[in-house]
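Here is the structure we will look at.
The values are calculated or read from the model by the stated rules, or taken from the named source; none is laboratory data. Predicted model only: the values in this text are computed from it and were never measured. Neighbour counts are summed over all protein chains in view; Cβ atoms, including those assigned to glycine, are modelled from backbone coordinates with ideal geometry.
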Amino acid sequence: MVKAEAVHKSFGPAHILKGIDLEVAPREVFCLIGPSGSGKSTFLRCINHLEKINSGRLWVDGELVGYRQKGDKLHELKDKEVAAKRRDIGMVFQRFNLFPHMTALENVIEAPVMVKGESKAVARERAVGLLDRVGLGDKAGSYPSQLSGGQQQRVAIARALAMEPKLMLFDEPTSALDPELVGDVLDVMRGLAEDGMTMIVVTHEMGFAREVGDALVFMDDGVVVETGHPRDVLTNPQHDRTKAFLSKVL
Ligand code: ADP
Ligand code: MG
């Protein structure tokens, strides 16, 4: 579903991603951990067409990000084509970014209607089902300000799912939440994983990574330091940098 080969990304003179190689299989829950500033968010943004890589290759769902292949020639995607690709990728951020003047239901309906041109009735029916699925069937008419952080984040997940994405990217989805609200959000993510969604999850929730993750990557200073099954990496890290990081967060 995602493949990175020697992906480099710089912002001006700042070299942030220094040759990322990794592969995410369909239906896999792929967890990404690492210290602040190591390039995790930047990498997710590259996958989601929000940043352009400087060199290397990055594929999503078998296609090169940012390019269209015609014969053996590569053509850069136009903005419209990029927008079409981005519809297949759901992204959930640390901050929920809901539209404050819209109810939970309206937030979930917005993109399918405005971006995909879906009818309101169809979008509404799906949205009701999605709010139910994230445990908020009774909050459809609530505004974000009337919801807890954890509830808002679950609306944000429902909103991303409303576009029926092939891939979900989570960037520290529970980091801004009070501890007692984290579990409900992780439960929704666990359910998604059980339903077979391909997910890349940047998280500090090592319990989630261990129980739900199929693969775990430890990133530091723009490189992949260690990859493996979460249980192996978390209980028996091979590299000193991984050990040092885990000793601080576990
Ligand atoms: P992480 O998510 O692992 O904490 P980030 O990918 O957010 O790391 O950031 C990695 C580095 O890239 C940081 O030093 C950050 O300041 C820098 N960076 C991220 N986005 C930009 C940008 N748009 N312009 C300049 N520097 C950036
Ligand atoms: Mg980040």
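Within region 26-43, identify whether any single residue is assigned to a loop (DSSP other than H, G, I, E, B) and among the β-branched types (V, I, T), and answer yes or no.
No, region 26-43 contains no residue that is assigned to a loop (DSSP other than H, G, I, E, B) and among the β-branched types (V, I, T).
For the list (1) modelled with pLDDT under 95; (2) within 16 Å of ligand 2 (Cβ to nearest atom); (3) not basic (K, R), I need the number of the one condition that L44 fails.
Condition (1) is where L44 drops out.
Identify the residue in region 151-190 that is more than 19 Å from V249 (Cβ to Cβ) and more than 17 Å from the chain's Cα centre (by Cα) and, among all such residues, is nearest to ligand 1 (Cβ to nearest atom).
The extreme case among them is L181.
From the residues in region 26-84 that are more than 16 Å from ligand 1 (Cβ to nearest atom) and β-branched (V, I, T), which one is nearest to K3 (Cα to Cα)?
Taking the candidates together, the pick is V60.
Here are V29, V65, V7: which of them is buried (at least 16 other Cβ atoms within 10 Å of the Cβ) and modelled with pLDDT under 95?
Answer to the check: V65.
Aliphatic (A, V, I, L, M) and under 23 Å from P35 (Cα atoms): which single residue out of A193, A215 fits that description?
Answer to the check: A215.
May I ask you to say which residue of E125, E118 is away from ligand 2 (no atom under 16 Å from the Cβ), over 23 Å from the mean Cα position of the chain (by Cα) and part of a loop (DSSP other than H, G, I, E, B)?
Step by step, each of E125, E118 is checked, and only E118 is away from ligand 2 (no atom under 16 Å from the Cβ), over 23 Å from the mean Cα position of the chain (by Cα) and part of a loop (DSSP other than H, G, I, E, B).
Is it true that some residue in region 144-163 is of a type in the set (G, A, S), surrounded by fewer than 18 Cβ atoms within 10 Å (Cβ to Cβ) and within 25 Å of G39 (Cα to Cα)?
Within region 144-163 (the criterion being of a type in the set (G, A, S), surrounded by fewer than 18 Cβ atoms within 10 Å (Cβ to Cβ) and within 25 Å of G39 (Cα to Cα)), the answer is no, since none of the residues qualifies.
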